[in-house]
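First the structure, in the form of structure tokens, and then the observations on it.
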Amino acid sequence: MSWAGPDTFPATSLADNLDKKLLVILRDGRKLVGILRSFDQFANVVLERSTERIIVGELFCDLPLGLYVIRGENVVLIGELDPEKEELPSHMVRVSPADIRRAQKAERDATELKGTMRKRMEFLDLD
Amino acid sequence: MLFFSYFKELVGKEVTVELKNDLAITGTLHSVDQYLNIKLENTRVVDEAKYPHMLSVKNCFIRGSVVRYVQLPPDGVDVDILHDATRREARGT
């Protein structure tokens with residue numbers, strides 16, 4: 001649209017989300033929460049006061065990260081956190097970074113164990 | 001450009017977007033762009049218990065490159081018009 005002025009962004013721009021608290025999900029599965037300060041056509045974003053929200057089962061922890069520049073190719077989804085609503089279910093328990101790391105490792109080990117057990121069962125080819 | 005135009009026709013309809021990371025989100029299609037980035041409103045995650053961090057997210061921007069499927073309402077497609085547009089586009093290239 002050549003008559004559109006320089007400030008007219010295409011319909012899916014993130015301009016409406018500027019200075020809002022957002023949830024950014026990355027391709028590696030991380031969830032970052034922060035205030036959107038800048039973006040571009042590649043969905044590169046600048047997140048201020050960002051924290052990584054780690055959730056394992058009923059436990060969660062917010063690790064402070066500071067000012068982040070995220071390369072757009074890693075972005076999966078950018079969600080607007082409704083300030084009126086609870087960000088997490090109320091039954092969830094906040095724990096320390098050390099505890100959440102331990103819980104993450106336990107979850108990883110359990111998945112690995114399930115994986116090796118499944119491989120063994122598949123080898124036996126029980127029908 | 002064909003799918004961009006096609007999605008523009010679907011703005012306002014309920015769709016379910018399944019992402020490559022297996023997350024599935026249902027919402028009203030708010031807007032789409034040339035990269036097929038999608039903005040959804042009134043979103044709810046299909047398997048809510050698995051993604052508690054999305055609880056208070058009601059509007060979201062989804063990068064086009066991470067979309068696997070866009071599930072449409074069964075009456076959302078006028079197959080004849082789509083066929084014609086596809087043939088026209090194929091002839092153009």
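Across peptide B:75-86, the average count of Cβ atoms from other chains found within 10 Å of a residue's Cβ is 0. Each Lys and Arg Cβ is given +1 and each Asp and Glu Cβ -1; about its Cα centre, the range A:22-115 then shows a dipole of about 320 debye. Does the protein assembly as shown classify as rounded, prolate or oblate by the C-alpha gyration tensor (a ≥ b ≥ c root eigenvalues; a/c under 1.5 gives rounded; else a/b over b/c gives prolate, otherwise oblate)? Verdict is oblate for the protein assembly as shown. Between residue A:94 and residue B:83, the simple label model (points 7 Å from Cα in the Cβ direction) yields a spacing of 6.0 nm. Seen through its C-alpha gyration tensor, with square-root eigenvalues sorted a ≥ b ≥ c, chain A comes out prolate because a/c lies at 1.5 or above while a/b is bigger than b/c. Taking only Cα atoms, what is the 0 to 90° angle, nearest 10, from helix B:79-92's long axis to the longest principal axis of chain B? Approximately 60 degrees, to the nearest ten. Placing dummy labels 7 Å off each Cα toward the beta-carbon, the span from residue A:110 to residue B:90 is 5.1 nm. Once the Cβ-Cβ distance between residue A:67 and residue B:49 is put in as r, and R0 is 41 Å, what FRET efficiency do you end up with, to the nearest 0.05? For R0 = 41 Å, the calculated efficiency reads 0.80. Round to the nearest 0.05 the FRET efficiency obtained for residue A:121 and residue B:16 when R0 = 25 Å and r is the Cβ-Cβ distance. Calculated transfer efficiency: 0.15. By the helix-only formula, in which each DSSP H run with n ≥ 4 contributes -39500 (n - 2.57) and the sum is divided by residues, chain B has a 222 nm mean residue ellipticity of -7000 deg cm²/dmol.
Give the B-A buried accessible area in Å², both sides summed, 1.4 Å probe, nearest 100.
What B and A bury together is about 2200 Å².
Set the Cα radius of gyration of chain B against 2.2 N^0.38 Å, with N its number of residues, and you get 1.17. A Gaussian network model of chain A, with springs between Cα atoms under 10 Å, assigns the largest mean-square fluctuation among A:64, A:97, A:83 to A:83. Enter the angle in degrees (range 0 to 90, nearest 10) between the Cα long axis of helix A:97-124 and the first principal axis of the Cα atoms of chain A, meaning the one along which they spread out most. Taking Cα atoms only, the helix is inclined about 60 degrees. Using a probe radius of 1.4 angstrom, the carbon and sulfur fraction of the accessible surface of the range B:2-91 is 52%.
The values are calculated or read from the model by the stated rules, or taken from the named source; none is laboratory data. Computed from a predicted structure; not experimentally measured. Here Cβ is always computed from backbone atoms with ideal geometry, including for glycine, and neighbour counts include all displayed protein chains. Note: accessible area is taken over every heavy atom of the protein model, side chains too, but ligands, DNA and RNA are not part of it. Shrake-Rupley method; radii C 1.70, N 1.55, O 1.52, S 1.80 Å.
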